[in-house]
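The values are calculated or read from the model by the stated rules, or taken from the named source; none is laboratory data. Not measured: the values here are computed from a predicted model. Using ideal geometry, Cβ is built from the backbone for each residue, glycine included, and neighbour counts are taken over all protein chains shown.
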Amino acid sequence: MTRVFSGMQPSGEPHLGNLLGAWVNWVAMQREAESIYCVVDLHAMTSPTEHDPDTLRHRTVDLATSMLAVGVDPEQSILFVQSHVHEHAECTWLFNCITGFGELRKQPQFKEKSEGHESVSAGLFDYPVLQTADILLYHADEVPVGEDQRHHIELARDIGQRFNHRFGEVFTLPKAVHPPAGARVMDLQDPASKMSKSQSSEKGIVRVLDDPKRIEKKVKSAVTDSATDIRFDRDEKPGVSNLLEIFSAATGRGIEELAREYDGRGYGAFKSAVAEAVVELLRPIQQRHHELADDPGEVARLLEVGADKARALAAPTLARAKDAMGLLPAGEA
Ligand code: ATP
Ligand code: LTN
């Protein structure tokens, strides 16, 4: 059976893009593949702006709760918090020692994230090596991620291949799988940019936990254009097209069919219908989120079960890697 690994950083409140671009797919995959999903809190500490400990703790629980609420099922998949499985950090060190400084320096995401910041941590520089450990420790075959992660997955393959070549076959080489192009939700205020936890303005982002009034307000003030026709055309009508895509993803109905139904009725009526569809999509997720948030003991228990299962897979792989690299096993001489 194919094994899938993916992770998300607790770097802000999750939004419609995370739900439609990642989680819907994660939930679908857990039925067809052996799926492992991770809240990558160690990655979230690498942000070039100093992180706040209480916020990180809070966001970690919240992100795990959201993943459970959208339907990541701990019976069908493994859901855990990265820092609960110390093998990730340890394996990162092994990989650090076979990764070139130059390889990391040219990573596009590092360039982007470090630009304009005076002090950048070694952690941010090393981010892709930690991501490599996440993936290779579990022998993942496929890694569902956005296009922006392509270089990181390529690096993971390179490091895995290098290790296997130098020290013997230990790691499986992963491949990235990208969601369909349509699964990219754009900022409501700036439909040329993707909706993002860290980049979008409050008005441009629909958060998974926004209440119905807020959702309605945001969708209704989404940037469209000065015409009145409703049709799908990403270049000419990026705002309307984004709303059509969201509408379609939220209702399961075709984009063309929705465009035909609403064309000629004005942007007001169209936006109201989109807002309502988003509210209905999020309603059961929010309901489940609130139930889980009322029972933090249960969330903690599920995460402990997840970490135990993850460790059971990661520990033997790490032990083999250490042995292959010549680290003396404890108890041997
Ligand atoms: P940040 O702003 O901190 O980079 P983000 O909101 O852009 O956060 P990530 O944490 O980078 O999101 O991504 C987590 C997952 O969600 C990835 O698989 C990514 O492809 C997906 N994702 C993020 N934003 C969108 C979006 N606007 N549309 C579709 N998928 C998205
Ligand atoms: N860098 C990824 C998050 C991430 C990840 C992973 C994704 C960390 N470790 C392992 C897939 C597999 C991001 O920002 N989307």
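Arg231 versus (1) in a helix (DSSP H, G or I); (2) surrounded by 16 or more Cβ atoms within 10 Å (Cβ to Cβ): which is the lone unmet condition?
For Arg231, the exception is condition (1).
Can you spot a residue in segment 28-51 that is at pLDDT 95 or above, within 15 Å of ligand 2 (Cβ to nearest atom) and closer than 16 Å to Arg207 by Cα?
no
Is at least one residue of segment 7-27 more than 14 Å from ligand 1 (Cβ to nearest atom) and at pLDDT 95 or above?
No.
Can you confirm whether segment 78-98 contains a residue that is within 12 Å of ligand 1 (Cβ to nearest atom), surrounded by 16 or more Cβ atoms within 10 Å (Cβ to Cβ) and not in a loop (DSSP other than H, G, I, E, B)?
No, segment 78-98 has no match at all.
Can you tell me which residue among Pro238, Pro174, Pro179, Pro212 is more than 12 Å from ligand 1 (Cβ to nearest atom), in contact (Cβ under 8 Å) with a residue 60 or more places away in the chain and farther than 16 Å from Val279 by Cβ?
Pro174
For segment 107-131, which positions are hydrophobic (A, V, I, L, M, F, W, C) and either without any contact (Cβ under 8 Å) to a residue 24 or more places away in the chain or not in a helix (DSSP H, G or I) (or both)?
Once the filter is applied, which keeps residues that are hydrophobic (A, V, I, L, M, F, W, C) and either without any contact (Cβ under 8 Å) to a residue 24 or more places away in the chain or not in a helix (DSSP H, G or I) (or both), segment 107-131 yields Phe110, Val120, Ala122, Phe125.
May I ask you to list pairs of residues, at least six apart or on different chains, whose Cβ atoms are under 6 Å apart, with the first in segment 52-68 being surrounded by fewer than 19 Cβ atoms within 10 Å (Cβ to Cβ) and the second being at pLDDT 95 or above and not in a helix (DSSP H, G or I)?
Final answer for the pair search is none.
Restricting to segment 151-199, name every residue that is more than 16 Å from ligand 2 (Cβ to nearest atom), farther than 27 Å from Ala222 by Cα, in a helix (DSSP H, G or I) and not hydrophobic (A, V, I, L, M, F, W, C).
Residues satisfying the conditions are Gln161, Arg162, Asn164, His165, Arg166.
Would you check which residues across segment 132-142 are within 16 Å of ligand 1 (Cβ to nearest atom), buried (at least 23 other Cβ atoms within 10 Å of the Cβ) and not in a loop (DSSP other than H, G, I, E, B) and list them?
Passing the criteria: Asp134, Ile135.
Kindly indicate which of Asp158, Asp148 is more than 10 Å from ligand 1 (Cβ to nearest atom), on the phi < 0 side of the Ramachandran plot and either in contact (Cβ under 8 Å) with a residue 12 or more places away in the chain or hydroxyl-bearing (Ser, Thr, Tyr) (or both).
Asp158
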